[in-house]
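Heads up: the structure comes next, in structure tokens.
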Amino acid sequence: MQKLRFSIITICFNAEMTVRDTMESVINQEFDGYEYIIVDGKSSDRTNDIIKEYIPRFEKKGITVKYISEKDKGISDAFNKGIRMSSGEIIALINSGDALLDGALSRLDKEFKDHDDIIYGNTICNDPEHYIKYMRTIPDHLDLNRMKYDGMIFTHQSSFVRSSVYEKYGLYDTSFKYVMDTDLFLKFYQNGIAFRYVNFVFVSMLAGGVSSRPSIDLLKENIRLSKKYGGYPESVMWMRWIAAKPKQWIVSALKRHPSIWYMLIGKKRCL
């Protein structure tokens with residue numbers, strides 16, 4: 001059976017502390033049917049020096065690397081640049097600071113069937129600030145329609161999308177700065193795209209991204225998203241935002257005590 005061809009996309013900006021680990025995770029895949037695309041937002045630190053250091057290693061392995069470093073209009077714009085540069089059948093977005101775990105591409109190559117548009121799996125959340133790692137679990141009997149109420153139930157890093165889906169339904173909306181992934185995956189879902197869950201840990205990601213903090217700007221985008229897809233009324237969105245403030249403080253406090261945190265989240269999520 002012919003192998004699938006993957007396009008692995010990493011976006012980064014001033015990521016000298018994280019981009020090396022991400023590139024190591026990609027180059028160490030025991031699978032060679034992929035290209036690697038790096039979209040840098042015109043970093044001013046050593047990010048580009050590190051990227052250039054790795055390019056010959058990828059080429060020696062026979063992996064095509066496509067690389068640009070230029071200013072962009074934010075995360076969505078950087079994602080879109082990478083997707084437009086891609087030539088693979090399956091596209092993955094592994095941001096700087098995230099990692100593609102061992103065996104991920106080989107497992108995906110075996111799992112993808114003709115009727116699959118998107119495969120999503122499990123994610124390890126890495127929180128180096130608090131010295132903890134834990135599993136982001138997928139709810140049993142997951143209803144993807146819940147995304148219009150609860151946002152991304154899985155992570156975009158653990159989601160692998162056929163390029164034909166982007167070609168047919170479009171790319172990330174650059175007017176969203178926080179919930180661009182929820183917007184796009186809801187659009188895919190409401191257009192009948194076939195999602196399938198695979199019980200495998202494909203990636204690890206850094207905890208604490210831009211969409212994890214309950215800011216006013218995030219609230220405004222969630223209200224806009226809710227109106228667009230028929231989620232909660234605006235009044236409910238405001239109440240949920242207010243309720244999230246103390247919850248965020250409690251979670252942050254608990255994470256400062258790893259033994260208590262691990263006890264509360266349960267053995268299934270502990271690493």
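What follows is calculated from the coordinates using simple rules that are stated; it is not laboratory data. Owing to the predicted nature of the structure, the values given are computational and were not obtained by experimental measurement. Cβ atoms come from the backbone with ideal geometry, glycine included; neighbour counts cover every protein chain shown.
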Cut-off under 23 Å on the C-alpha distance; same-chain residues fewer than 8 positions from Lys81 excluded. Which lysines are left, in chain and number order? Lys42, Lys52, Lys66, Lys71, Lys73, Lys168, Lys177, Lys187
Starting from the Cα of Asp114, step 7 Å along the direction of its Cβ; do the same at Gln248; then give the gap between the two resulting points in nm. 4.8
Within straight cross-link reach of Lys247, meaning Cα distance under 19 Å, which aspartates and glutamates are found once same-chain residues fewer than 8 apart are removed? Asp127, Glu129, Asp150, Asp217
Rounded to 10°, Cα long-axis angle of helix 216-229 versus longest principal axis of the chain: 90
Residues with amide H under 5 Å of Ile132's amide H, sequence separation 5 or more or different chain, H placed in the peptide plane at 1.01 Å from N; which? Asp127
Would you give the gap between the C-alpha center of region 106-151 and the C-alpha center of region 215-236, rounded to a whole Å? 23
Given the Cα-Cα distance of Arg84 and Lys3 and 0.36 nm per residue of separation, how much length would full extension add, in nm? 27.0 nm
Loop-only check: which GluC sites (Glu not before Pro) in region 61-117 are DSSP coil with at most 14 other Cβ within 10 angstrom? Glu70
Give me the base-10 log of I(q)/I(0) for the chain at each q in 0.07, 0.09, 0.15 Å⁻¹, Debye formula, one uniform scatterer per Cα, rounded to two decimals. -0.25, -0.42, -1.24
Which of the aspartates and glutamates could a cross-linker span from Lys60 if the Cα-Cα distance has to be under 17 Å and same-chain partners fewer than 8 positions apart are dropped? Glu24, Glu30, Asp32, Glu35
Here the Kirkwood hydrodynamic radius of region 34-84, Cα-based and in Å, equals 11.6
If the label point is 7 Å along Cα→Cβ of Glu129, which residues in region 91-122 have backbone nitrogen under 17 Å from it? 97-98
